[in-house]
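One structure below.
The values are calculated or read from the model by the stated rules, or taken from the named source; none is laboratory data. As the structure is a computational prediction, the values presented were derived from the model and not from experiment. For neighbour counting, all protein chains shown are included, and Cβ atoms are generated from backbone atoms with ideal geometry for every residue, glycine included.
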Amino acid sequence: MPYRATTANVPFRAGLFAAVVFAAIVFSAARPAAAEALLLIDANSGKVLHAQNAAYPWYPASVTKLMTAYVTLKAVREGRMPIDRTLRVSRYAAAQAPSKMGFKPGTIVTVDNALKMLLVKSANDIAVVLAEGVSGSVEKFANEMNASAQRLGMTQSIFVNPNGLPADNQISSARDLAILARAIIRDFPEYEPYWRIPAIRFGKRLIRNTNRLIDAYPGADGMKTGFICASGFNVVATATRGNKRLIAVVLGAPSASVRTLKAAQLFERGFAENPLSWLTPSLGSVDALVPVNATPPNLREDVCGRNRKRPAAEETEEELATTESNSPLGFLLSTLRSPQANAAAVLGSGYAAMPPVVVYTGPARPEGAVARAGDGEATSAKPKSGRKAARAGGAKSKKRPAQAAAVPAAAPPKTAAIGTKPARAPGNGTSPALAAGNGTKPALAAGNGTKPALTSGGGTKPAVAKRAPPAPARNGAPDAAAR
C-alpha cells in the first residue's frame, strides 16, 4: 500500500526538520567558518590590522610556553629566583611526552639554560622543571599562570599545565595570545634575546628553533610555535621594520610550512604602505575584540587523520620549512618581498646570522668556560678516568675540530639589533642586563657581568671543545605532541 501523507505525521516531520536546522545552527556557531584563526596587530598601540576568528577559543599547544616564560621571568624580576639558580629534573618532568631534552631525573640545569631549551627546542620536560622550580608544583604554577592571564586581560585563557600537552581545559585564543605577546614585549624588554635565538648547541647536537620565521623572514624577532593534533600548527610571531613592530598569530594551520607562510603574509600586509588605508574601517584594539562563547574546534581528524599523506609533526615538516631559496617555502617567501625593497635590508635584517647559543647542564659557568666547553654534558653522566680518559683526550680529540666545523656558522648580524635598546640595569641584582657586546655579537649578561645568560660560544664560529666530553643525554623519541 503506497505511503500517504496525513495530518497526523505532519507535526512530526516539521519538528524533525526544526531539530535538524537548530543542530546545524548550533554547530556552525560553535565552529569557525574556516578552521583557522588569524590576527595581526600593531605591537605598540595594540591596533588590530587584520582579524579572522581571532576571538574564537583555541587549544594553544606549545604556545603555552610563552606564559610559562612570562611567569618565570616575573619570578626572576621579583627576586624569588635568580637567573643562574640551578633546578633539578624530577621524575615527573622526565616522564613528559616529547618534544623534550630527555634529561635523566636528578640532572640539574640553570634557569637561564632552561629558558633557552624551552623556547628553542620547545622542551616539555623543561617546562615542568621551570614550573616546579618557580612554584613547587605544576598545579601551583598553573594557578600563577591563570592569575597572570586574568591580570593581563586574557579573559578566554585557562591553563592547567606549563607545556601545552593535550588537555581539554587548556584553552586560549588568538586575541589572548596577542595580548600576552604585547605584555612580554612591554614588561621584559631586557630579555628579548631569548625569543629570537635561531638555534642552541648542546654538546654535538645542534637544535634549530621551531619558529622558522627567525631564519626566513626579514625583520622577524620572536616568539613561539605550537602543535598538537587538536589545535593544528600554531605560532605567535613578531617582526620589526623601522619603527614599526607587528605581532602575528596563526592558529590551526595544516602544517608547519603553511603556518610560517601565513604569518609571513600577515606581516607583509601590515608592513605594506597602503595610501588608501584611511578608507578602511578601524577594527579597534586587540583588547576590545569580543570573545566568542564556543567550544574550541578539534582539528585532529583534519591534521592527524588517516587521510593525511604523512604524519603531522614538527620534524616531518622540517624539509618543507627550510629557508634555502630553492626550497618550496623559500620560493614562496621570496615572492612576498616587495621588488622595491632594499636588497641589503632584505638579506641583512634577519637573525639567521646569529651563531647557535651554547647550552649545558650543571651550574652556571663563567663566560670563558662556556666558550671553551660547549659540551652540554649531563650531570648524570659518569666521568671517564684512567686509560679511557687518556684515549678520549688523545686520538679522539683530534677529530673533534673537523666534526665541529661541519656545522658552519654564518657571520654575525650587520646591525646590532639586540643591542640597540639601552641596557636596563636590574633592580635587585638578580635580573640580567642586556649588553650589546661589541655591537655585533648580542650578549645577555648576568647582573655581575661574569655569567652571561646568552652566549654565542665565542666569535662567529661555533665553539670547539678542547676535550672529549661524555655523551649527552639522549633526546626523547619523536612524537606529534605539543611542539
Could you check, for the range 224-242, whether at least one of its residues is over 19 Å from P166 (Cβ atoms), surrounded by fewer than 24 Cβ atoms within 10 Å (Cβ to Cβ), free of Cβ contacts under 8 Å to residues at least 60 places away in the same chain and not β-branched (V, I, T)? yes
Within the range 178-214, considering residues that are under 17 Å from I247 (Cα atoms) and among the acidic types (D, E), the one nearest to the chain's Cα centre (by Cα): E192
Evaluate the following for F141: is it of a type outside the set (V, I, T), farther than 28 Å from R245 by Cβ and buried (at least 23 other Cβ atoms within 10 Å of the Cβ)? yes
On the given criteria, is A54 crowded, with 24+ Cβ neighbours inside 10 Å and part of a loop (DSSP other than H, G, I, E, B)? yes
Being under 16 Å from L40 (Cα atoms), outside any strand (DSSP E or B) and touching a residue at least 24 places away in the same chain (Cβ under 8 Å) is the requirement here; does L246 meet it? no
Given the options A147, A114, name the one that is out of contact with any Leu (no Cβ under 8 Å at 6 or more places or on another chain) and free of Cβ contacts under 8 Å to residues at least 60 places away in the same chain. A147
Condition check: surrounded by 12 or more Cβ atoms within 10 Å (Cβ to Cβ), among the small types (G, A, S) and either at pLDDT below 65 or within 17 Å of A35 (Cβ to Cβ) (or both). Does A312 satisfy that? yes
